[in-house]
Amino acid sequence: MTPPRIGYLCLCENPTAEASRALIRQFVLVREADRMGFDDIWIGEQHFDDVWPTGAAIALLGHLSGVTTKARIGSAALLAGLRDPVGLAEDIATLDLLSKGRLNLGIGRGSPFTSIGKHFRMDEAMVESRMFEAMELIAKLFAETDVSFEGKHFKTENLTLVPRPSQPVPTWMAASTEANIRTAARLGHGLMGGATWTVARLQAAAALYREASGGADPKFVVPRFCMTAATREEAVAIAEPYFASLATRLAKLGVNEDLSQSVALDPAALLEMSIVGSYEEVATKIKALSESLGGAYSVPLIPTSGQFDTVKHCLADLVDEVRKLLMDD
């Protein structure tokens, strides 16, 4: 089985609550990841969060397109339901053109949803409905001219989008329900999982997608928290305090408490499930994760540290040490 693409998922870690410093330092790491040869570099979208200040995901993707030259760039995931679809279509098309066709578009509803709904004045059902309708309209705007459209939320009349992408933009859906997975399969979007989803949940999603699509490949994008070092002990020593802090923070934000679906609130389970260990262990875990899903398109990795040098060393080790092990069969 072909190894998955190796990505860097940049959440703009901000351990000192200095957003400007965090954003600048993280984009230095992004440039390094591109130079090192990562296949994909992804930007998350998280609102009203001091630790991950990535609410302006479109602006971040625009900057990402300018500071990279080789890696594909992607959103993991863009909250389409919060945005006007005509403006979003212009943004996506412009990003695709600026990046010379390197854009991967991941879309989702957003989670945890409590603060998003409160401040954007929408409930989950509204955002989800807007998301699907927005993507339907955007697809028409990319493919057609003089588009007239009238849905529940949006309406256009004889609209021709300028600019339009030079080629189809590959799209993934962060689909967390059976209905959404079936919709993603019907529309031909790939699947994007959550970094704290259990393997069983990922496998169920992949199986449902294949059943709903008549056997199509979900081209799964599977983010995972990661830390690697020469020994497992070194990697675990870095990851353990990160996971303890993460679980406490996510509990306050109201994430899913069902451990059969997500291990976000259990630091020990997070450590066990994530891609943490020596170079050999990390390569083995990436291979096993991909094989358990019948093949993954990309595994975007999130280093378990807010420290610049630690993340840089982890990224370098993933390219210099782990990748060559992935290629050996």
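Read-outs: derived from the displayed coordinates by stated rules, not from any lab. Source: prediction; values computed, not measured. Cβ sites come from the backbone with ideal geometry, for glycine too, and all protein chains shown count toward neighbours.
Rounding to the nearest 20 debye, state how big the charge dipole of the chain is about its Cα centre with +1 on each Lys and Arg Cβ and -1 on each Asp and Glu Cβ.
Working: 32 positive and 41 negative charges, 104 e Å.
Roughly 500 debye, rounded to the nearest 20.
Out of Gly101, Gly277, Gly87, any idea which swings most in a Gaussian network model of the chain, alpha carbons joined below 10 Å?
Largest GNM mean-square fluctuation: Gly87.
Might you report the magnitude of the Cβ-based charge dipole of segment 16-117 about its Cα centre, with Lys and Arg at +1 and Asp and Glu at -1, to the nearest 20 debye?
Numbers: 10 positive and 12 negative charges, 57 e Å.
The dipole magnitude comes to about 280 debye.
Take the alpha carbon atoms of segment 74-139, find their center, do the same for segment 166-212, and report the distance between the two centers in whole angstrom.
16 Å
Report the charge-dipole magnitude of segment 204-329 in Debye, nearest 20, computed about the Cα centre from +1 at each Lys and Arg Cβ and -1 at each Asp and Glu Cβ.
400 debye
What is the spin-label model distance, in nm, from Phe48 to Val28 if the labels are put 7 Å beyond Cα along the C-beta direction?
3.2 nm
Can you order the peptides 219-229, 33-43, 17-27 by their average number of other Cβ atoms within 10 Å per residue, highest first? Could you put the intermediate results ahead of the total?
Details: 219-229: 24.6, 33-43: 21.4, 17-27: 15.2.
Listed from highest to lowest mean packing, they are 219-229, 33-43, 17-27.
Can you give the FRET efficiency to the nearest 0.05 for Met327 and Lys152, using r as the Cβ-Cβ distance and R₀ = 56 Å? Don't jump to the answer; show the numbers that get you there.
Values: r = 48 Å, r/R0 = 0.87.
Result of the calculation: an efficiency of 0.70.
Calculate, axis by axis, the spread of Cα positions in segment 5-327 along the three principal axes, and write the results as whole Å, longest axis first.
61, 40, 39
Would any residue of segment 167-183 have its amide N under 18 Å from a label point 7 Å out along Cα→Cβ of Ala143? List them or say none.
167-173, 183, by backbone N distance to the label point.
Measure off 7 Å from each Cα along the Cα-to-Cβ vector at Ser292 and Val199, then give the distance between these two points in nanometres to one decimal.
Each label point is offset 7 Å from its Cα along the Cβ direction, giving 0.3 nm.
Sorted by average packing, counted as other Cβ atoms within 10 angstrom per residue and highest first, what order do 156-162, 267-273 take?
Numbers: 156-162: 13.3, 267-273: 17.9.
Sorting 156-162, 267-273 by mean packing, highest first, produces 267-273, 156-162.
Using the per-residue mean of other Cβ atoms lying within 10 Å as a proxy for protection, in what order, highest first, do the peptides 196-204, 57-65 fall? Don't skip to the answer; put the middle values down first.
Details: 196-204: 17.3, 57-65: 19.9.
Highest to lowest by the protection proxy: 57-65, 196-204.
Which FRET efficiency, nearest 0.05, do Arg186 and Glu234 yield, Cβ-Cβ r, R0 41 Å? Kindly include the intermediate steps, with their values, before the conclusion.
Values: r = 46 Å, r/R0 = 1.12.
It comes to 0.35.
Arranged by the count of other C-beta atoms within 10 angstrom, fewest first, what order do Met122, Met192 take?
Working: Met122 18, Met192 31.
Ascending Cβ contact count within 10 Å gives the list Met122, Met192.
Using +1 at the Cβ of each Lys and Arg and -1 at the Cβ of each Asp and Glu in the chain, identify which of Phe308, Pro163, Ala22 lies farthest towards the dipole's positive end.
Positive-most Cα among the choices belongs to Pro163.
Pull out the extension gain between Glu211 and Ala17, defined as 0.36 nm times the separation in residues minus the alpha carbon to alpha carbon distance; nm, one decimal. Can you show the working numbers first?
On the way: separation 194, 0.36 × 194 = 69.84 nm, distance 4.52 nm.
Separation in residues times 0.36 nm, less the Cα-Cα distance, equals 65.3 nm.
Using only Cα atoms and rounding to the nearest 10 degrees, what angle (0 to 90) does helix 232-253 make with the longest principal axis of the chain?
Orientation of helix 232-253: about 40 degrees from the principal axis.
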